[in-house]
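**Q** Okay, handing you the structure first.
The values are calculated or read from the model by the stated rules, or taken from the named source; none is laboratory data. Predicted model, so just to flag it, every value in this text is computed and none were measured. Virtual Cβ from ideal backbone geometry, glycine too; neighbours counted across all protein chains shown. The area values use the complete protein model at the heavy-atom level, side chains included, leaving out ligands, DNA and RNA. Shrake-Rupley method; radii C 1.70, N 1.55, O 1.52, S 1.80 Å.
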Amino acid sequence: MDYNARLDKAIGRLHDEGRYRTFIDIERSNGHYPHATWTRPDGSEQRITVWCGNDYLGMGQHPVVLKAMHDALEATGAGSGGTRNISGTTIYHKMLEAELADLHKKEAALLFTSAYIANDATLSTLSKLFPGLIIYSDELNHASMIEGIRRNGGEKRIFKHNDLDHLREMLKADDPDTPKLIAFESVYSMDGDFAPMAQICDLADEFGALTYLDEVHAVGMYGPRGGGVAERDGLMNRIDIINGTLAKAFGVMGGYIAASAKMCDAIRSYAPGFIFTTSLPPTVAAGAAASVAHLKTDQSLRDQHHERAQVLKTRLQAVGLPLIDHGSHIVPVIVGNPVHTKILSDMLLERYSIYVQPINFPTVPRGTERLRFTPSPVHGRFEMDALVRAMDALWSHCALNRADMSA
């Protein structure tokens, strides 16, 4: 067996399809984000503007967050020293879980090292708690939800994206006495569309199903205290399990679920992804707790963010770019070809010092490849002017118009 040849073949397929992903080395500059330094392959350095980061509100450099992390570092040192069960639970972890439970108006919250792990560990464990459980999953759910549902080992039903009739049809076809759970997202991060949350909750009530909501791209961003779309729409009390991240709007790292005390206790007790993983460093937990607490009261950052997103959409549409706009903070420009998407990304970086990563299959369906921009309160008029000018020039130069994309 020539293992290296097999590896070459697998990687070669990605190159042939224009889907091979490359990393660029950047160093964020504290206090100057979204500006960063790119270390080029030849070792030289170039100042760039990051337009694809998930630090949506710039909280990764907020003084409140940095002070909390510095204080925790001086008090505790670097790592947590173990799993949550074995010396890895500190006052900072408990403080963060309390902040998150309060944010979502739930009895409890449970920390994980990432929202991916929180989704995977929770969804894969639920069948142990509810034997015979059927999970009804939106077809565009995140890979972490798909993986958790797959590893669950129980029955699953995939309903068409945001299709309430299809979901109802599936729920109605199954035994009414069988335990059920509907898993969906509030904001779908590639197109930026919202779930029909109230109607899904209605179906859950009608058919006796639990609800599982991924709010990863909404926590900190929506609602009067940053509790997400469920808070904005007054639906948090109708959601049984909420998944969120600390690595996007909150600007740090980690993931969590918020639910009833019994649900969190059961997941804590049965999920290998929680039991056997070293806990977040206390410094990270402290910074995240400070960020969550701050964003409960700082509506101005949310207002600025949504204003920036709307302005960018309006300006990109004004120069004729094919933009998807569902009213959220996500700004996807559809290119429709993996090679063209990579060319645009490379030219933006090389010629205009603008960094936006191409989004290709399997993250999005083939033929919908795109550049996904994430404006924030720290992207000012200068950065926006530069981006719009660059996109207008490159789109015309590459002749990437609608006719090309549909050919």
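**Q** In nm, to one decimal, how far is the His70 label point from the Ser269 one, both placed 7 Å along Cα→Cβ?
**A** The answer from the label model is 4.3 nm.
**Q** While we're on this one: Placing unit charges on C-beta atoms (Lys and Arg positive, Asp and Glu negative, everything else neutral), compute the dipole magnitude of the chain about its Cα centre in debye, rounded to 20.
**A** 440
**Q** Another question about this same structure. What number, in percent, do you get for the relative contact order of the chain if the mean sequence gap of Cα pairs under 8 Å and at least 6 apart is divided by its residue count?
**A** 21
**Q** Now a separate question. Please list, ordered by chain and number, the residues whose modelled amide H lies under 5 Å from the amide H of Gly220; skip anything fewer than 5 residues away on the same chain.
**A** Gly227, Gly228
**Q** I would also like to ask the following. Taking 0.36 nm per residue of separation and subtracting the Cα-Cα distance, what length does fully extending Glu107 through Ile91 add?
**A** 4.0 nm
**Q** Sorted from largest down, what three extents in whole angstroms do the Cα atoms of the stretch 1-135 have along their principal axes?
**A** Principal extents (Cα only, largest first): 50, 49, 29 Å.
**Q** Using unit Cβ charges (K, R positive; D, E negative) and no other charged atoms, how large, in debye to the nearest 20, is the dipole of the stretch 307-372 about its Cα centre?
**A** 40
**Q** Going by average Cβ density within 10 Å per residue, which order do the peptides 115-121, 77-83, 337-343 take, highest to lowest?
**A** 115-121, 337-343, 77-83
**Q** Skipping prolines and chain starts, which residues have an amide H placed within reach, meaning under 5 Å, of the one on Asn337, given they are 5 or more residues away or on another chain?
**A** Correct list: Glu369.
**Q** I'd like the carbon and sulfur percentage of the solvent accessible area for the chain, probe radius 1.4 Å, heavy atoms only, ligands and nucleic acids excluded.
**A** 54
**Q** Under a cut-off of 15 Å between alpha-carbon atoms, report the aspartates and glutamates in cross-link reach of Lys342, not counting same-chain residues fewer than 8 places apart.
**A** Qualifying aspartates and glutamates at Cα under 15 Å: Asp16, Glu17, Glu350, Glu369.
**Q** Report the calculated FRET efficiency for Glu45 and Ile158 (r = Cβ-Cβ distance, R0 = 45 Å), to the nearest 0.05.
**A** Efficiency, from the Cβ-Cβ distance: 0.45.
**Q** Taking the Cα centre of the stretch 39-130 as origin, sum charge times position over the Cβ atoms of Lys and Arg (+1) and Asp and Glu (-1), and report the length of that vector in debye to the nearest 20.
**A** In total the dipole reaches around 200 debye.
**Q** Show me the three semi-axes of the equivalent ellipsoid for the stretch 265-407, from the C-alpha gyration tensor (sqrt of 5 times each eigenvalue), largest first, rounded to whole Å.
**A** Over the Cα atoms of the stretch 265-407, the semi-axes work out to 35, 22, 14 Å.
**Q** What whole-number value in Å² describes the accessible area per residue of the stretch 189-236 for a 1.4 Å probe?
**A** 28
**Q** Which Rg and Dmax, in Å, describe the Cα atoms of the stretch 159-292?
**A** Cα-based Rg and Dmax for the stretch 159-292 come out at 16.0, 49 Å.
**Q** Quick one: which residues, 5+ away or cross-chain, put their amide H under 5 Å from the amide H of Asp214? H built at 1.01 Å from N.
**A** Phe184, Glu185, Ser186, Asn243
**Q** For the chain, what number results from the quotient of the Cα radius of gyration and 2.2 N^0.38 Å?
**A** That ratio works out to 1.01.
**Q** Using Cα positions and a limit of under 18 Å, work out the lysines in reach of Lys156, with same-chain residues fewer than 8 apart set aside.
**A** Lys156 reaches Lys128, Lys172, Lys180.
**Q** Output the peptides 367-376, 302-311 sorted from most to least packed, where packing is the average of other Cβ atoms within 10 Å over each peptide's residues.
**A** The packing order, highest mean first, is 367-376, 302-311.
**Q** Could you give the distance between the Cα centres of the stretch 205-282 and the stretch 332-368, to the whole Å?
**A** 31
**Q** Additional query: Please state the relative contact order of the stretch 235-355 as a whole percent: Cα pairs under 8 Å, 6+ residues apart?
**A** 13
**Q** Ignoring everything except DSSP H segments at least 4 long, calculate the 222 nm mean residue ellipticity for the chain; use -39,500 (n - 2.57) per segment, divide by total residues, nearest 500.
**A** Counting only the DSSP helices, I get -13500 deg cm²/dmol.
**Q** While we're looking at this one, here's another question. Straight distance only, please: which lysines reach the Cα of Lys296 with their own Cα at less than 24 Å, same-chain residues fewer than 8 apart left out?
**A** Straight-distance partners of Lys296: Lys67, Lys94, Lys105, Lys106, Lys248.
**Q** If packing is taken as the average count of other Cβ atoms within 10 Å, what order do 146-158, 97-109 fall into, highest mean first?
**A** 97-109, 146-158
**Q** Would you mind computing, in nm to one decimal, how far apart the modelled labels at Phe361 and Met347 are, each placed 7 Å from Cα along Cα→Cβ?
**A** It works out to 2.4 nm between the two label points.
**Q** Please work out the average accessible area per residue across the stretch 20-94, using the 1.4 Å probe convention, and give it in Å².
**A** Per-residue accessible area for the stretch 20-94 comes out at 56 Å².
**Q** Here is a further query. Nearest-5 percent of antiparallel DSSP beta bridges in the chain?
**A** 55
**Q** May I pose another question? Describe numerically, in nm with one decimal, the distance between label points set 7 Å from Cα along Cα→Cβ at Gln317 and at Asp392.
**A** Taking the simple label geometry, Gln317 and Asp392 are separated by 1.7 nm.
**Q** Just the C-alpha atoms of the stretch 219-333: what Rg/Rh do they give, with Rh taken as the Kirkwood radius?
**A** So for the stretch 219-333, dividing Rg by the Kirkwood Rh gives 1.06.
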